[in-house]
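The values are calculated or read from the model by the stated rules, or taken from the named source; none is laboratory data. The shown structure was predicted, so the numbers you read here are calculated from the model rather than taken from an experiment. Neighbour counts are summed over all protein chains in view; Cβ atoms, including those assigned to glycine, are modelled from backbone coordinates with ideal geometry.
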Amino acid sequence: MLRKFLVLSLLLGCFAVTFGQREKVLKLPNFDKPLFHYGFYLGMNNNGYKVSYKPSFVDKPDIEVTSSIGFNVGLIADLRLHNNLNLRFEPGLMSNTKTLVFNHISGSNETIKTREVGATFLHLPIILKASTNRINNVRPYILGGVSYDYNFSSNESSSDDNFAGKFRTKTSNFMYEIGIGVDLYLNYFKLSPSIRGVFAINNELKYDNSSPSQWTDPIDFLGTRGVFLHLAFE
């Protein structure tokens, strides 16, 4: 996941340098002067899980996690704190699907060994964005922040667990995210592509009701790890 983030960040940086060298006519010269401005964003994500284990009755736990490409959509509220520092609130929806395969469970019954975990989150991040000075129509930046995520698909309140075929996670979760991006000043709006990494702070797993459980007993921590491709229109 870190390798993907670094590669995409390098490609974005190369694109920004090329764009900045080619553009000479200054567009939207007063865009960054207002105290507030608004926008919206669209994007894609590839969110998986980081899994760490603890001692249990399972001798060698082995959980394989794969994920599908999901989508992000939301709004932007931006407050200029300084010429090179902005505070942003970016509420939105984030959705994707993960598949967990419990390889330590013996037998060939895929219904027992496999859990598909669909997730739709209300994503509420507070972001600090630190930008360089503007170079023609390009302005690179880095960002970081924390978010509260409400998982509509968690099944936390369900009485059914893995013994009934249902994998449960927590409804309320906290994340932090870091990223790199570039502001591109166009004729009528500013386009801001960025690459972001998102990392869970708390354990998202809801343990099974009874023990021993071959699905949840071996897990010490299960948390989202993901990469976003984020396109902001401001």
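The rows are residues; the columns are (1) in contact with an Asp or Glu (Cβ under 6 Å, 6 or more places away or on another chain); (2) more than 19 Å from ILE112 (Cβ to Cβ); (3) of a type outside the set (A, V, I, L, M, F, W, C).
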| position | (1), (2), (3) |
| --- | --- |
| LYS170 | yes, yes, yes |
| SER192 | yes, yes, yes |
| LEU205 | no, no, no |
| VAL227 | no, yes, no |
| HIS230 | no, yes, yes |
| GLU234 | no, yes, yes |
Limited to the range 152-194, what total is found for residues that are of a type in the set (Val, Ile, Thr) and either free of Cβ contacts under 8 Å to residues at least 24 places away in the same chain or touching a Cys at 6+ places or on another chain (Cβ under 8 Å) (or both)? 1
For the range 175-214, enumerate the residues that are over 27 Å from TYR148 (Cβ atoms) and not in a strand (DSSP E or B). LEU186, ASN187, TYR188, PHE189, SER210, SER211, PRO212, SER213, GLN214
Looking only at residues that are modelled with pLDDT of 90 or more and among the polar types (S, T, N, Q) in the range 1-46, which one is surrounded by the fewest Cβ atoms within 10 Å (Cβ to Cβ)? ASN30
Might you check whether a residue that is within 19 Å of LYS166 (Cα to Cα), out of contact with any Ser or Thr (no Cβ under 7 Å at 6 or more places or on another chain) and among the small types (Gly, Ala, Ser) occurs anywhere in the range 108-115? yes
Restricting to the range 169-205, and then to whatever is more than 20 Å from VAL51 (Cα to Cα) and polar (S, T, N, Q), can you tell me which residue is farthest from the chain's Cα centre (by Cα)? ASN187
Determine whether PRO218 is over 21 Å from THR97 (Cβ atoms), of a type outside the set (Gly, Ala, Ser), in contact (Cβ under 8 Å) with a residue 40 or more places away in the chain and buried (at least 20 other Cβ atoms within 10 Å of the Cβ). yes
